[in-house]
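See structure below.
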Amino acid sequence: MTTVKVNAKQGEATSTYIVVEQIVRADFYTTEAGKPAYAMVHMPDGNTYRVEAEQALALERTLSRALLTI
């Protein structure tokens, strides 16, 4: 099981961990030059989390590797 630390929604703890294998969809975005990329991660319970910068890049690599092994 692989986990990723993400920012929590407003009103929750400052961060939470999600299980990569439970991700329903992950949308990856780039921003203006010099600003970090991010991902919006959608979970089966309807929650959506924003994954920032290096964690988003690591998540993208992890998901890419998982798809290659299926």
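Taken together, the values in this text are just the output of simple stated rules run on the coordinates, not laboratory data. Please read all numbers here as calculations on a predicted model, not as lab measurements. Note that each Cβ is placed from the backbone with ideal geometry, even for glycine, and that neighbours are counted across all protein chains shown.
For Ala37 and Ala53, compute 0.36 nm times the residue count separating them, minus their Cα-Cα distance, and round to one decimal in nm.
5.3 nm
For Ser15 paired with Tyr29, estimate the spin-label separation in nm (one decimal), with each label point 7 Å from Cα along the Cα-to-Cβ line.
2.1 nm
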